[in-house]
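As structure tokens, the structure follows; a few thoughts come after it.
The values are calculated or read from the model by the stated rules, or taken from the named source; none is laboratory data. A quick note: this is a predicted structure, and the numbers were derived from the prediction, not measured. Here the Cβ is made from the backbone with ideal geometry for all residues, glycine too, and neighbour counts use every protein chain on show.
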Amino acid sequence: MMNILFLLFLSIYHVVADNRCAYDLAREKLLQDDASLRFSSSIKLTKEEEVVNNYLHTLKQNEVDTRYSSKQKYQFLSAHNYYEVRDQIPQSKVFQVLRKMPKGGHLHLHAGAAFDYRAIINYIRSDDYLWNHLYILYCDGVAVSTSYFPSDTDANSHAYCTGKPKTSNCKWKHGNTHTTDEIYRLVTIGPEDLPYQGYEAAQMWDIFHYKFGLGAGLTCFEPVFKMRIRNTIENMISDGVSFAEFRDFPGYIYNFDYTHSNNDSCGRNRIGGVNELLHLKSITDEYKKIHPTFVGISYIMAAGRSSIVGSYLKSIDLFKQLRGHPELKNIVNGFDLVGQEDAGKSLNQLYPSLQGQQVDYYFHSGETEQPGDIEAPNLLSHGYDEATEYNLFDAYLFSSKRLGHAVSLIRHPALMEKIRAKGMCVETCPISNQILAYIPDLRSHPAVTYMAAGLKVVISSDDPGLMTYNNMTFDTYASYMSWGTNLADLKMFMMNSIECASMSQDMKDNAKRVSLTAWDGFIKNTLVEACNADVDTLKKQSLHCSSIKGLFTSRSCFKLNQTSFVDVSVPVEVPIKFCSSITCQYQSLDNIQNIKTVGKVLSPCQIQCPVPISWTSANVSKLNLFVDDKPLCAGDGCPSITFVQ
């Protein structure tokens, strides 16, 4: 009777084991199929890049573990509004590594809100001429605009030149009656400006438009405008950005040269779009000579979504004039519509103005939280009863080179596949999307799906200066921590930014050469950091390391003749560094077959061994492990591996 029960137990055990093996192999196949679609699947990391990838991931995991185990208020920073955690982000070791990483191009950047506002205010304050000519307009006690005038008399004679009604009690006040901090708080969005907990995009856009308009006048005076360009370029260079594409409205920069008659409503001489762009070109060329890693600027002309319908043809005509200027032909490269998408004209509504124009479009589209069956209220009076997100379909039909934000694209899988097949690039701006209430928790950002589905995705910052930061690393950090991003993804962000740029092919080739050279330098330097990392401290920070009591693998059944890996968790007391050599010895139980593969360190408590591509002995093998040529286990202490043909 006992023999029968024993045989029955063995048969059940083998059925369960076989079922588990089949399950593991099916699961691995699903994971591999899923990974093959990823937008970075074509990136094959070098041995050195793999070490850096694993080091950076360990820093990421440990940051989350440390905040969780110490029960800090903000356990996952990017799950919270940027303004709540902005001072903690630069303290992150991950952020500090990413700060040194080359990023390629910055493709979605509004020039009027991209600079360091505090630095520009300090520059104005340090120059007596500028400081004494800066004025802030107050109407009914509320600051509404900033500008420059030759004198108090001139300023007060134009108290209503910005369009405020005469019924308002408006008066220009000297900027020098304000402190630097007071002006900075007036013209930027800070935590004190957030409407309320759980605010919606519509409320935040009201604040955005108010702050953007108030701060725009700071840099419309010609000498400050030129300093704005310098500040923006310098910030990009220090952040590892090789080139940028500025979206901007031309024609608003002025000086006090009254020998010309091109006066604006406030009595100042506007220098004109051509001269503005010639300043941009001249300053850019200057920095290109000084910094060989900086390859240039591209200009995407913008028009407001809320403009009068008939004005768009004039805007496109102006774009063509600027593009046709002999000195600007390599700078002026595209056209976009900007502003709150829910409150502006739809692309469908503007078909008569936009179709057949021989213009490269770079449209904001799908930047909305509204459901697809809710019509945009601003369109109803024009007879266009459709939701904002349908701009995505029109952007596709207008062959927009890129899609700005596209947060609602995830709702349209068929269109998403067409966009993937067409190679259209999605410009993601995570922190902007969060602040404007489209994606409050960045772990839920639709870019996660776009990347997994193989769409071309790039990282940008939108309006960083207005939002109180001045480098793209904040957005890179948010995407790396929140989207399941690895080093191959980060490299693909960089490569996509070059491929999707509006520059000429020669400039793209130069940008690719410069960026890849900088990337190699980053990998070399970070590799040294990884090899010398204090692994004991890293182990203490890791919740995973502290839970390991002995050698074990997450599964024991693997298929030959395909790319499979055995992940082995290692006790905390084993001395492993990121650059330790790992030898994986697969030994048959009869000792007839012995195959070695070269493993790698995933973390101070985990190593990975490639599975042999062939195995002729019995299915079961012992996996002997060596770290820096020293045995990690022996005999029964080593994991057992089952191979399936």
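Quick notes on this structure:
- Residue check, V570 crowded, with 19+ Cβ neighbours inside 10 Å, closer than 18 Å to V51 by Cβ and at pLDDT below 95: yes
- Considered as a group, the residues in segment 92-146 that are touching a Cys at 6+ places or on another chain (Cβ under 7 Å) and modelled with pLDDT of 95 or more include one that is farthest from M507 (Cα to Cα), and that residue is H108.
- The strands (runs of 3 or more DSSP E) located wholly in segment 574-626 that include 1 or more residues which are farther than 22 Å from C557 by Cβ and aliphatic (A, V, I, L, M) occupy 594-603.
- Residue within segment 378-393 that is surrounded by fewer than 17 Cβ atoms within 10 Å (Cβ to Cβ), modelled with pLDDT of 95 or more and in the same structural domain as L107 (by TED's automatic domain parsing) present: no
- Those helices (runs of 4 or more DSSP H) of segment 409-502 in which 1 or more residues are in the same structural domain as D394 (by TED's automatic domain parsing) and within 24 Å of G198 (Cα to Cα) occupy 430-435, 447-452, 473-482.
- Evaluating C266 against the criteria (1) of a type in the set (A, V, I, L, M, F, W, C); (2) under 31 Å from the mean Cα position of the chain (by Cα); (3) crowded, with 17+ Cβ neighbours inside 10 Å leaves one unmet condition, (2).
- Pairs with Cβ under 7 Å, 6+ apart, first in segment 492-519 and more than 21 Å from L328 (Cα to Cα), second surrounded by fewer than 20 Cβ atoms within 10 Å (Cβ to Cβ) and modelled with pLDDT of 95 or more: M492/I43
- Residues within segment 113-155 that are over 35 Å from the mean Cα position of the chain (by Cα), closer than 18 Å to Y254 by Cα and polar (S, T, N, Q), tallied: 2
- Restricting attention to segment 494-539, the residues being among the aliphatic types (A, V, I, L, M) and more than 19 Å from V458 (Cβ to Cβ) number 7.
- So A478, is it crowded, with 18+ Cβ neighbours inside 10 Å, closer than 30 Å to I576 by Cα and not charged (D, E, K, R): yes
- Residue ranges of helices (runs of 4 or more DSSP H) in segment 284-397 with at least 2 members over 22 Å from the mean Cα position of the chain (by Cα) and closer than 30 Å to M236 by Cα: 311-324
- Listing of helices (runs of 4 or more DSSP H) fully contained in segment 138-250 that carry 3 or more residues being touching a helix residue (DSSP H, G or I) at 6+ places or on another chain (Cβ under 9 Å): 180-187, 201-216, 222-238
- Matching residues in segment 149-163 - criterion: being among the β-branched types (V, I, T) and either crowded, with 16+ Cβ neighbours inside 10 Å or on the phi > 0 side of the Ramachandran plot (or both): T162
- Residue that is surrounded by the fewest Cβ atoms within 10 Å (Cβ to Cβ) [pool: residues in segment 503-538 that are of a type in the set (G, A, S) and not in a helix (DSSP H, G or I)]: S504
- Taking the listed residues G366, G344, G324, the one that is modelled with pLDDT of 95 or more and closer than 16 Å to N391 by Cα is G366, with no other qualifying.
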